[in-house]
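Note sheet for the following structure.
Coordinate-derived values only; no laboratory data. Bear in mind the structure is a predicted one, so any value in this text is a computation, not a measurement. Ideal geometry is used to build each Cβ from the backbone, glycine not excepted, and the neighbour counts take in all protein chains shown.
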Amino acid sequence: MVRPRILNPGSRVDRLVSLGAERVEDWTYPPNADFVVLKSPDGTVFCIID
């Protein structure tokens, strides 16, 4: 059986950015946010939740 690698949120974000996603810097994050908002190359906004 092949098991997927489980990555921590930081490395998942880094991997997605290396594949073309961009961090959405102007998003209003609550204190102690457990997510990061990204935008795909086609403009779709999505988040990675810890």
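Things to note:
- Peptides 26-36, 11-21 ordered by packing proxy, namely the average of other Cβ atoms within 10 Å per residue, highest first: 11-21, 26-36.
- Label-to-label distance for residue 27 and residue 39 is 1.2 nm, based on points extended 7 Å past Cα in the beta-carbon direction.
- Label point of residue 19 set 7 angstrom out along Cα-Cβ; within the stretch 31-50, amide nitrogens under 19 Å from it belong to 35-50.
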